[in-house]
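Q: One structure, pasted below without further comment.
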Amino acid sequence: MLAKTPPMGWNSWNTFGTDISESLIRETADVLIDSGLHDAGYEYVVIDDCWSEKKRDASGRLVPDHKKFPSGMKALSDYIHSKSLKFGMYSCAGTRTCGDYPGSLEHEFLDARTFADWGVDLLKYDYCFKPKYLEGHLLYKRMAMALRSCGRDILFSACSWGTDGPENFMRNAGSHMWRSTGDIQDNWASVKGIVAKQADLSPYGAPGCYNDMDMLVVGMHGKGNVGFGGCTDEEYKTHFSIWCLLNSPLMIGCDIRHMDDVTLRTLTNRELIAINQDPEGRQPYAAVNDNGRLVYVRPLENGDYAIGFFNLSDSPSSICLNFWDIGLPTSSGYGFRMRDLWLHKDIGFVREYLRIPLAPHACAVYRAKVAKS
Ligand code: GLA
(Lines give C-alpha, C1' and ligand atoms only; values in the text may rest on other atoms or scores of the structure.)
Protein backbone atom coordinates (compact mmCIF):
# COMPACT_ATOMS: atom_id res chain seq x y z
CA MET A 1 0.00 0.00 0.00
CA LEU A 2 1.31 3.46 -0.89
CA ALA A 3 1.02 6.46 1.45
CA LYS A 4 0.35 4.44 4.59
CA THR A 5 1.71 7.54 6.29
CA PRO A 6 2.11 11.07 4.85
CA PRO A 7 4.79 11.09 2.10
CA MET A 8 8.04 12.91 2.98
CA GLY A 9 10.69 14.31 0.68
CA TRP A 10 12.01 17.35 -1.17
CA ASN A 11 10.55 19.21 -4.15
CA SER A 12 12.36 21.60 -6.50
CA TRP A 13 9.62 24.20 -7.00
CA ASN A 14 9.68 26.47 -3.94
CA THR A 15 13.30 27.47 -4.30
CA PHE A 16 14.32 26.67 -7.86
CA GLY A 17 11.24 27.08 -10.07
CA THR A 18 12.39 26.69 -13.65
CA ASP A 19 16.10 26.78 -12.72
CA ILE A 20 16.60 23.01 -12.33
CA SER A 21 19.22 20.57 -13.60
CA GLU A 22 20.48 17.05 -13.08
CA SER A 23 23.43 18.32 -11.04
CA LEU A 24 21.08 20.15 -8.66
CA ILE A 25 18.97 17.01 -8.23
CA ARG A 26 22.02 14.79 -7.67
CA GLU A 27 23.54 17.21 -5.16
CA THR A 28 20.23 17.42 -3.33
CA ALA A 29 19.97 13.63 -3.19
CA ASP A 30 23.51 13.52 -1.75
CA VAL A 31 22.63 16.08 0.93
CA LEU A 32 19.42 14.25 1.85
CA ILE A 33 21.62 11.31 2.80
CA ASP A 34 24.63 13.12 4.27
CA SER A 35 22.64 15.56 6.43
CA GLY A 36 20.54 12.88 8.12
CA LEU A 37 17.30 14.08 6.49
CA HIS A 38 16.77 10.67 4.92
CA ASP A 39 17.32 8.96 8.26
CA ALA A 40 14.63 11.24 9.68
CA GLY A 41 12.17 9.99 7.02
CA TYR A 42 12.53 12.20 3.92
CA GLU A 43 12.72 9.89 0.90
CA TYR A 44 11.17 11.37 -2.28
CA VAL A 45 13.27 13.66 -4.51
CA VAL A 46 10.71 15.42 -6.70
CA ILE A 47 11.41 17.37 -9.88
CA ASP A 48 8.55 19.83 -10.32
CA ASP A 49 7.54 21.77 -13.46
CA CYS A 50 9.85 22.92 -16.31
CA TRP A 51 11.87 19.72 -16.77
CA SER A 52 10.90 18.83 -20.37
CA GLU A 53 11.45 20.02 -23.88
CA LYS A 54 8.63 22.23 -25.18
CA LYS A 55 7.54 19.53 -27.63
CA ARG A 56 6.93 15.77 -27.47
CA ASP A 57 8.97 13.49 -29.76
CA ALA A 58 7.70 11.90 -33.01
CA SER A 59 6.12 9.02 -31.09
CA GLY A 60 4.30 11.41 -28.76
CA ARG A 61 6.56 10.82 -25.76
CA LEU A 62 7.67 13.49 -23.31
CA VAL A 63 11.35 14.41 -23.69
CA PRO A 64 13.57 15.72 -20.89
CA ASP A 65 15.18 19.12 -21.55
CA HIS A 66 18.51 18.21 -23.12
CA LYS A 67 20.39 21.06 -21.50
CA LYS A 68 18.99 20.65 -17.99
CA PHE A 69 19.03 16.83 -17.97
CA PRO A 70 21.64 15.74 -20.55
CA SER A 71 21.89 12.18 -19.13
CA GLY A 72 18.13 11.66 -19.26
CA MET A 73 15.67 10.70 -16.55
CA LYS A 74 16.48 6.99 -16.31
CA ALA A 75 20.09 7.72 -15.37
CA LEU A 76 18.97 10.28 -12.79
CA SER A 77 16.40 7.89 -11.41
CA ASP A 78 19.06 5.15 -11.15
CA TYR A 79 21.30 7.54 -9.22
CA ILE A 80 18.49 8.45 -6.82
CA HIS A 81 17.59 4.79 -6.31
CA SER A 82 21.24 3.89 -5.72
CA LYS A 83 21.01 6.15 -2.66
CA SER A 84 17.88 4.31 -1.41
CA LEU A 85 15.80 7.39 -2.22
CA LYS A 86 12.66 7.60 -4.37
CA PHE A 87 12.18 9.60 -7.54
CA GLY A 88 9.27 11.98 -8.14
CA MET A 89 8.24 13.86 -11.27
CA TYR A 90 5.57 16.30 -12.40
CA SER A 91 2.96 16.65 -15.11
CA CYS A 92 -0.37 18.34 -15.61
CA ALA A 93 -3.97 17.34 -16.35
CA GLY A 94 -4.33 20.06 -19.01
CA THR A 95 -2.84 20.62 -22.45
CA ARG A 96 0.18 22.45 -20.99
CA THR A 97 1.78 22.56 -17.54
CA CYS A 98 1.53 25.71 -15.45
CA GLY A 99 5.01 26.65 -16.71
CA ASP A 100 3.87 26.10 -20.35
CA TYR A 101 5.47 22.73 -21.08
CA PRO A 102 3.52 19.81 -22.59
CA GLY A 103 0.71 18.56 -20.31
CA SER A 104 -0.59 15.00 -20.21
CA LEU A 105 -4.11 15.56 -21.54
CA GLU A 106 -4.94 12.81 -24.07
CA HIS A 107 -1.51 11.27 -23.38
CA GLU A 108 -2.21 9.91 -19.91
CA PHE A 109 -1.58 6.21 -20.55
CA LEU A 110 1.53 6.81 -22.66
CA ASP A 111 2.95 9.23 -20.08
CA ALA A 112 2.28 6.84 -17.21
CA ARG A 113 4.21 4.16 -19.13
CA THR A 114 7.04 6.60 -19.81
CA PHE A 115 7.26 7.51 -16.13
CA ALA A 116 7.25 3.81 -15.24
CA ASP A 117 10.09 3.21 -17.76
CA TRP A 118 12.09 5.97 -16.09
CA GLY A 119 11.61 4.39 -12.65
CA VAL A 120 9.42 7.19 -11.31
CA ASP A 121 7.93 6.57 -7.82
CA LEU A 122 5.70 9.66 -7.44
CA LEU A 123 3.82 11.84 -9.91
CA LYS A 124 2.63 15.31 -8.96
CA TYR A 125 -0.27 16.21 -11.26
CA ASP A 126 -1.20 19.87 -11.74
CA TYR A 127 -4.37 21.55 -13.04
CA CYS A 128 -3.38 24.31 -15.50
CA PHE A 129 -4.75 24.58 -19.07
CA LYS A 130 -7.66 22.24 -18.45
CA PRO A 131 -10.16 22.60 -21.30
CA LYS A 132 -13.47 23.99 -19.99
CA TYR A 133 -15.52 21.22 -21.60
CA LEU A 134 -13.83 18.53 -19.47
CA GLU A 135 -14.60 17.98 -15.80
CA GLY A 136 -11.50 17.91 -13.59
CA HIS A 137 -12.48 14.84 -11.61
CA LEU A 138 -12.51 12.80 -14.85
CA LEU A 139 -8.94 13.78 -15.61
CA TYR A 140 -7.68 12.81 -12.15
CA LYS A 141 -9.57 9.51 -12.39
CA ARG A 142 -7.99 8.97 -15.80
CA MET A 143 -4.40 9.55 -14.68
CA ALA A 144 -4.99 7.51 -11.52
CA MET A 145 -6.12 4.62 -13.72
CA ALA A 146 -3.16 5.07 -16.08
CA LEU A 147 -0.75 4.97 -13.14
CA ARG A 148 -2.48 2.02 -11.52
CA SER A 149 -2.15 -0.01 -14.69
CA CYS A 150 1.39 1.04 -15.72
CA GLY A 151 3.15 -1.86 -14.01
CA ARG A 152 4.94 0.19 -11.34
CA ASP A 153 3.86 1.56 -7.95
CA ILE A 154 3.65 5.31 -8.52
CA LEU A 155 2.32 7.51 -5.75
CA PHE A 156 -0.23 9.95 -7.21
CA SER A 157 0.05 13.49 -5.84
CA ALA A 158 -2.96 15.44 -7.13
CA CYS A 159 -2.64 19.21 -7.26
CA SER A 160 -5.83 21.10 -8.14
CA TRP A 161 -5.15 23.80 -5.50
CA GLY A 162 -8.39 23.06 -3.61
CA THR A 163 -10.55 24.00 -6.61
CA ASP A 164 -13.53 21.96 -7.86
CA GLY A 165 -14.02 20.18 -4.52
CA PRO A 166 -11.06 17.77 -4.51
CA GLU A 167 -11.98 16.59 -1.00
CA ASN A 168 -15.10 15.03 -2.56
CA PHE A 169 -13.38 12.90 -5.16
CA MET A 170 -9.57 12.69 -4.97
CA ARG A 171 -9.41 9.78 -2.51
CA ASN A 172 -12.12 7.91 -4.38
CA ALA A 173 -10.36 8.60 -7.68
CA GLY A 174 -7.23 6.82 -6.42
CA SER A 175 -4.84 9.64 -5.51
CA HIS A 176 -2.56 9.39 -2.46
CA MET A 177 -2.43 13.05 -1.56
CA TRP A 178 -4.32 16.09 -2.80
CA ARG A 179 -3.56 19.78 -2.53
CA SER A 180 -6.13 21.56 -0.41
CA THR A 181 -5.15 25.18 -1.21
CA GLY A 182 -3.43 27.50 -3.65
CA ASP A 183 0.35 27.79 -3.68
CA ILE A 184 2.24 28.47 -0.47
CA GLN A 185 4.54 31.49 -0.28
CA ASP A 186 7.43 31.95 2.07
CA ASN A 187 5.74 34.38 4.47
CA TRP A 188 3.62 34.21 7.62
CA ALA A 189 0.38 35.45 5.99
CA SER A 190 0.50 32.57 3.51
CA VAL A 191 1.14 29.93 6.19
CA LYS A 192 -1.67 31.31 8.34
CA GLY A 193 -4.05 31.45 5.37
CA ILE A 194 -3.42 27.79 4.53
CA VAL A 195 -4.07 26.76 8.15
CA ALA A 196 -7.39 28.65 8.13
CA LYS A 197 -8.48 26.74 5.02
CA GLN A 198 -8.04 23.35 6.75
CA ALA A 199 -10.84 24.00 9.25
CA ASP A 200 -13.46 21.84 7.52
CA LEU A 201 -11.13 19.33 5.87
CA SER A 202 -10.15 17.10 8.77
CA PRO A 203 -12.53 14.24 7.87
CA TYR A 204 -10.85 13.80 4.49
CA GLY A 205 -7.26 12.88 5.38
CA ALA A 206 -6.40 9.29 6.41
CA PRO A 207 -3.95 6.49 5.57
CA GLY A 208 -3.80 5.94 1.82
CA CYS A 209 -4.65 9.56 0.92
CA TYR A 210 -3.71 12.74 2.77
CA ASN A 211 -4.68 16.42 2.61
CA ASP A 212 -1.65 18.19 1.17
CA MET A 213 -1.10 21.65 2.67
CA ASP A 214 1.66 22.25 0.07
CA MET A 215 5.44 22.06 0.27
CA LEU A 216 7.26 23.37 3.34
CA VAL A 217 8.86 26.81 3.26
CA VAL A 218 10.98 26.06 6.38
CA GLY A 219 14.48 27.48 5.95
CA MET A 220 13.84 29.46 2.76
CA HIS A 221 14.38 32.80 4.51
CA GLY A 222 12.94 34.75 1.58
CA LYS A 223 15.17 33.16 -1.08
CA GLY A 224 14.00 31.47 -4.26
CA ASN A 225 10.94 31.05 -6.41
CA VAL A 226 8.23 31.56 -3.75
CA GLY A 227 10.41 33.42 -1.27
CA PHE A 228 8.18 36.45 -0.82
CA GLY A 229 9.36 37.96 2.44
CA GLY A 230 10.47 34.96 4.45
CA CYS A 231 9.53 33.88 7.96
CA THR A 232 11.35 33.89 11.29
CA ASP A 233 12.74 30.61 12.65
CA GLU A 234 9.95 30.65 15.26
CA GLU A 235 7.35 30.94 12.48
CA TYR A 236 8.98 28.05 10.60
CA LYS A 237 8.71 25.92 13.75
CA THR A 238 5.01 26.73 14.04
CA HIS A 239 4.48 26.03 10.33
CA PHE A 240 6.30 22.69 10.60
CA SER A 241 4.41 21.70 13.77
CA ILE A 242 1.00 22.34 12.21
CA TRP A 243 1.89 20.43 9.04
CA CYS A 244 2.99 17.55 11.31
CA LEU A 245 -0.13 17.59 13.47
CA LEU A 246 -2.50 17.84 10.51
CA ASN A 247 -0.93 14.90 8.68
CA SER A 248 0.21 16.93 5.70
CA PRO A 249 2.85 15.38 3.46
CA LEU A 250 6.22 16.90 4.42
CA MET A 251 7.96 18.03 1.25
CA ILE A 252 10.95 20.25 1.96
CA GLY A 253 11.15 23.31 -0.31
CA CYS A 254 14.37 25.05 0.72
CA ASP A 255 17.85 24.62 -0.76
CA ILE A 256 19.09 21.94 1.61
CA ARG A 257 22.61 22.25 0.20
CA HIS A 258 22.88 25.55 2.06
CA MET A 259 20.54 25.15 5.04
CA ASP A 260 21.58 26.41 8.46
CA ASP A 261 21.60 24.38 11.70
CA VAL A 262 18.27 25.72 12.95
CA THR A 263 16.60 24.67 9.69
CA LEU A 264 18.06 21.18 9.93
CA ARG A 265 17.01 20.88 13.58
CA THR A 266 13.47 21.97 12.73
CA LEU A 267 13.13 19.61 9.77
CA THR A 268 14.54 16.66 11.71
CA ASN A 269 12.53 17.01 14.89
CA ARG A 270 11.88 13.30 15.15
CA GLU A 271 9.35 13.58 17.94
CA LEU A 272 7.18 15.78 15.72
CA ILE A 273 7.79 13.63 12.67
CA ALA A 274 6.59 10.65 14.74
CA ILE A 275 3.28 12.49 15.24
CA ASN A 276 3.02 13.16 11.49
CA GLN A 277 3.85 9.53 10.72
CA ASP A 278 1.65 7.98 13.42
CA PRO A 279 0.29 4.76 11.87
CA GLU A 280 -3.32 5.48 12.81
CA GLY A 281 -3.18 8.68 10.78
CA ARG A 282 -5.95 10.42 12.69
CA GLN A 283 -6.59 14.09 12.11
CA PRO A 284 -6.67 16.38 15.15
CA TYR A 285 -9.65 18.38 16.30
CA ALA A 286 -9.45 21.98 17.47
CA ALA A 287 -10.18 21.98 21.20
CA VAL A 288 -9.59 25.75 21.31
CA ASN A 289 -10.13 28.01 18.32
CA ASP A 290 -10.33 31.64 19.33
CA ASN A 291 -9.05 34.41 17.05
CA GLY A 292 -5.85 32.67 16.04
CA ARG A 293 -5.38 30.96 19.40
CA LEU A 294 -5.54 27.28 18.57
CA VAL A 295 -5.15 24.02 20.41
CA TYR A 296 -5.14 20.85 18.31
CA VAL A 297 -5.64 17.48 19.99
CA ARG A 298 -5.01 14.18 18.30
CA PRO A 299 -5.19 10.56 19.51
CA LEU A 300 -2.12 8.47 18.65
CA GLU A 301 -1.74 4.76 18.03
CA ASN A 302 -0.12 3.87 21.38
CA GLY A 303 -2.81 5.58 23.47
CA ASP A 304 -0.93 8.88 23.82
CA TYR A 305 -2.31 12.22 22.65
CA ALA A 306 -0.55 14.90 20.63
CA ILE A 307 -1.52 18.34 21.92
CA GLY A 308 -0.35 21.48 20.09
CA PHE A 309 -0.78 25.07 21.34
CA PHE A 310 -0.51 27.69 18.58
CA ASN A 311 -0.60 31.45 18.84
CA LEU A 312 -1.27 32.54 15.28
CA SER A 313 -2.34 36.01 16.47
CA ASP A 314 -0.09 39.07 16.44
CA SER A 315 -0.13 39.64 20.21
CA PRO A 316 1.36 37.64 23.08
CA SER A 317 -1.30 35.26 24.41
CA SER A 318 -1.79 32.83 27.20
CA ILE A 319 -3.70 29.85 25.83
CA CYS A 320 -5.53 27.54 28.19
CA LEU A 321 -6.67 23.97 27.55
CA ASN A 322 -9.12 22.57 30.08
CA PHE A 323 -8.75 18.81 30.07
CA TRP A 324 -12.51 18.54 30.71
CA ASP A 325 -12.99 19.78 27.15
CA ILE A 326 -11.06 16.88 25.66
CA GLY A 327 -12.58 14.07 27.72
CA LEU A 328 -10.60 14.13 30.96
CA PRO A 329 -12.60 15.37 33.99
CA THR A 330 -10.57 15.93 37.16
CA SER A 331 -13.09 13.74 39.03
CA SER A 332 -11.74 10.75 37.08
CA GLY A 333 -8.58 10.98 39.16
CA TYR A 334 -6.48 11.13 36.00
CA GLY A 335 -4.29 13.77 34.46
CA PHE A 336 -1.56 13.78 31.82
CA ARG A 337 2.13 12.98 31.98
CA MET A 338 3.50 15.34 29.35
CA ARG A 339 6.57 15.77 27.21
CA ASP A 340 7.55 18.96 25.35
CA LEU A 341 8.42 17.99 21.76
CA TRP A 342 10.46 21.10 20.97
CA LEU A 343 12.44 21.18 24.22
CA HIS A 344 12.68 17.36 24.10
CA LYS A 345 11.94 17.35 27.83
CA ASP A 346 9.39 15.71 30.12
CA ILE A 347 7.43 18.38 31.94
CA GLY A 348 5.86 16.00 34.45
CA PHE A 349 2.31 15.37 35.61
CA VAL A 350 -0.40 17.92 34.83
CA ARG A 351 -3.93 17.83 36.24
CA GLU A 352 -7.09 19.68 35.18
CA TYR A 353 -5.69 22.24 32.74
CA LEU A 354 -2.60 23.54 31.02
CA ARG A 355 -2.05 27.24 30.38
CA ILE A 356 0.79 28.17 28.03
CA PRO A 357 2.03 31.74 27.44
CA LEU A 358 3.11 32.13 23.83
CA ALA A 359 4.76 34.93 21.87
CA PRO A 360 3.03 35.95 18.61
CA HIS A 361 3.30 33.17 15.97
CA ALA A 362 4.90 30.73 18.47
CA CYS A 363 3.83 27.25 19.48
CA ALA A 364 4.33 24.48 22.03
CA VAL A 365 3.65 20.84 21.20
CA TYR A 366 3.31 17.97 23.65
CA ARG A 367 2.90 14.23 23.76
CA ALA A 368 0.56 13.40 26.65
CA LYS A 369 -0.16 10.11 28.40
CA VAL A 370 -3.17 9.62 30.62
CA ALA A 371 -1.90 8.82 34.13
CA LYS A 372 -2.80 8.88 37.85
CA SER A 373 0.24 10.90 38.93
C1 GLA B 1 1.25 25.15 -9.67
C2 GLA B 1 1.42 24.24 -8.46
C3 GLA B 1 2.79 24.48 -7.84
C4 GLA B 1 3.87 24.23 -8.86
C5 GLA B 1 3.65 25.08 -10.08
C6 GLA B 1 4.58 24.73 -11.23
O7 GLA B 1 1.18 26.48 -9.33
O8 GLA B 1 0.40 24.47 -7.53
O9 GLA B 1 2.96 23.66 -6.69
O10 GLA B 1 3.87 22.85 -9.20
O11 GLA B 1 2.32 24.94 -10.59
O12 GLA B 1 4.35 25.50 -12.36
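The values are calculated or read from the model by the stated rules, or taken from the named source; none is laboratory data. What you see is a predicted model, and the numbers here were worked out from it, not measured in a lab. Every residue, glycine as well, gets a Cβ built from its backbone with ideal geometry; the counts of neighbours run over all protein chains shown. These accessible areas exclude ligands, DNA and RNA; they are computed on the full protein's heavy atoms, side chains included. Shrake-Rupley method; radii C 1.70, N 1.55, O 1.52, S 1.80 Å.
Q: Show that you can apply the helix-only estimate: for the chain, add -39,500 (n - 2.57) for every DSSP H stretch of four or more residues, divide by all residues, and state [θ] at 222 nm to the nearest 500. Present the calculation step by step, with values, prior to reporting the outcome.
A: Details: 11 runs with 95 residues, N = 373.
Roughly -7000 deg cm²/dmol at 222 nm, from the helical runs in the chain.
Q: Springs between alpha-carbon pairs under 10 angstrom, Gaussian network model over the chain: which of HIS361, HIS66, HIS239 fluctuates most?
A: Largest GNM mean-square fluctuation: HIS66.
Q: Now a separate question. Spin-label point model (7 Å from Cα, Cβ direction): what's the ASP39 to ALA274 distance in nm?
A: Those two pseudo-labels are separated by 1.6 nm.
Q: Now for a different question. What whole number of Å gives the distance from the Cα centroid of the stretch 1-62 to the Cα centroid of the stretch 205-259?
A: Value for the Cα centre distance between the two parts: 16 Å.
Q: From the residues THR238, PHE115, LEU24, which one has its Cα farthest along the dipole of the chain in the positive direction, the dipole being from +1 and -1 charges on Cβ of Lys/Arg and Asp/Glu about the Cα centre?
A: Positive-end residue among those listed: PHE115.
Q: In addition: Provide the FRET efficiency to the nearest 0.05 for the TYR133-ARG351 pair, computing r from the beta carbons and using R0 = 56 Å.
A: Values: r = 62 Å, r/R0 = 1.11.
Calculated transfer efficiency: 0.35.
Q: Can you give the accessible area per residue of the chain, in Å², using a 1.4 Å probe?
A: 40
Q: For q values of 0.06 Å⁻¹, compute log₁₀ I(q)/I(0) with the Debye formula on a Cα-only model of the chain, without solvent.
A: Values, matching the q order: -0.23.
Q: Tell me which residues come under 5 Å, amide H to amide H, from LYS86 once H is placed; ignore anything under 5 positions away on its chain.
A: Distant-sequence amide H within range of LYS86: TYR44, VAL45.
Q: Rg to Rh ratio, the stretch 152-200, alpha-carbon atoms and Kirkwood radius?
A: Values: Rg = 12.3 Å, Rh = 11.9 Å.
Dividing the radius of gyration by the Kirkwood radius yields 1.04.
Q: Multiply the residue gap between ALA371 and TRP324 by 0.36 nm, knock off their C-alpha separation, and tell me the result in nm, one decimal place. Spell out each step's value before the answer.
A: On the way: separation 47, 0.36 × 47 = 16.92 nm, distance 1.48 nm.
Result: 15.4 nm gained on full extension.
Q: Looking at the chain as a GNM with Cα springs under 10 Å, which of SER180, SER160, SER315 has the largest mean-square fluctuation?
A: Fluctuation is largest for SER315.
Q: To continue, here is another question. Mind running the shape call on the stretch 261-308? Use the C-alpha gyration tensor, a ≥ b ≥ c as the square roots of the eigenvalues: rounded below 1.5 for a/c, prolate if a/b tops b/c, oblate otherwise.
A: On the way: a/c = 2.99, a/b = 1.19, b/c = 2.51.
Because a/c hits 1.5 or more and a/b fails to exceed b/c, the stretch 261-308 counts as oblate.
Q: Let me cross-check ILE80: its accessible surface, 1.4 Å probe, with only protein heavy atoms counted, in Å² to the nearest 10?
A: Accessible area, nearest 10 Å²: 0 Å².
Q: Beyond 23 Å, what share of the Cα-Cα pairs of the stretch 1-128 is found? Please give it as a whole percent. Before the final figure, lay out the partial values.
A: On the way: 2263 of 8128 pairs.
Roughly 28 percent, once rounded to a whole number.
Q: Say each of HIS81 and PHE109 gets a label point 7 Å from the Cα, pointing the same way as Cα to Cβ; how far apart are those two points in nm?
A: Result: 2.5 nm between the two label points.
Q: Let me ask something else about it. Figure the gain on full extension for ASP19 and LEU2 (residue separation times 0.36 nm, minus the Cα-Cα span) and round it to one decimal in nm. Don't skip to the answer; put the middle values down first.
A: Numbers: separation 17, 0.36 × 17 = 6.12 nm, distance 3.00 nm.
Gain in length upon complete extension: 3.1 nm.
Q: If I take R0 = 45 Å and measure r between the Cβ atoms of LEU343 and ASP100 in this structure, what FRET efficiency does the formula 1/(1 + (r/R0)^6) give, to the nearest 0.05? Spell out each step's value before the answer.
A: Numbers: r = 47 Å, r/R0 = 1.05.
Rounded to the nearest 0.05, the efficiency is 0.40.
Q: Would you rank ASP304, ASP19 by solvent-accessible area, highest first, keeping every protein chain in place and using a 1.4 Å probe? Working shown, then result.
A: On the way: ASP304 10, ASP19 115 Å².
Ranked from most to least accessible, the order is ASP19, ASP304.
Q: Further question on the same structure: Could you give the size of the charge dipole of the chain about its Cα centre, using +1 on the Cβ of each K and R and -1 on the Cβ of each D and E, expressed in debye and rounded to the nearest 20? Provide the component values of the computation, followed by the final result.
A: On the way: 40 positive and 46 negative charges, 130 e Å.
In total the dipole reaches around 620 debye.
Q: Roughly to the nearest percent, how much of the accessible area of the chain is carbon and sulfur, given a 1.4 Å probe?
A: Details: 7490 of 14910 Å².
Accessible surface attributable to carbon and sulfur in the chain totals 50 percent.
Q: Give me the log10 of I(q) over I(0) for the stretch 180-277 at q = 0.14 Å⁻¹, as the Debye formula computes it from C-alpha points; what are the numbers?
A: For the requested q values the scattering log ratios are -0.48.
Q: So, one more: For a quick check: with amide H placed at 1.01 Å from N, whose amide H comes under 5 Å from LEU250's, ignoring anything fewer than 5 positions away on the same chain?
A: MET8, GLY9
Q: Treating the stretch 223-324 as a set of equal point scatterers at the Cα positions, no solvent, please give the Debye-formula log₁₀ I(q)/I(0) at q = 0.11, 0.15, 0.17, 0.20 Å⁻¹.
A: With no solvent term, the Cα-only Debye profile gives -0.39, -0.71, -0.88, -1.12.
Q: Now for a different question. Report relative contact order for the chain in percent, whole number only (criteria: Cα-Cα under 8 Å, sequence separation at least 6).
A: Numbers: 843 pairs, mean separation 52.1, N = 373.
That works out to 14 percent.
Q: Here's a follow-up. Which order do you get for CYS98, CYS320, CYS159 if you rank them by accessible area with a 1.4 Å probe, largest at the top?
A: Heavy-atom accessible area, descending, gives CYS98, CYS320, CYS159.
Q: No other cysteine beta carbon under 4.7 Å away is the test; run it over the chain and list who passes.
A: Lone cysteines by the Cβ rule: CYS50, CYS92, CYS150, CYS159, CYS209, CYS231, CYS244, CYS254, CYS320, CYS363.
Q: In addition: With unit charges on the beta carbon (Lys/Arg positive, Asp/Glu negative), name the residue among LEU138, SER157, GLY292 whose Cα is farthest towards the positive pole of the charge dipole of the chain.
A: Value: LEU138.
Q: Next question. Compare LEU110, LEU267, LEU250 in a GNM of the chain, Cα atoms joined below 10 Å, and give the one with the largest fluctuation.
A: Fluctuation is largest for LEU110.
Q: Between ASN172 and ARG257, what is the spin-label point distance in nm, taking each point 7 Å from the Cα along the Cα→C-beta axis?
A: 4.5
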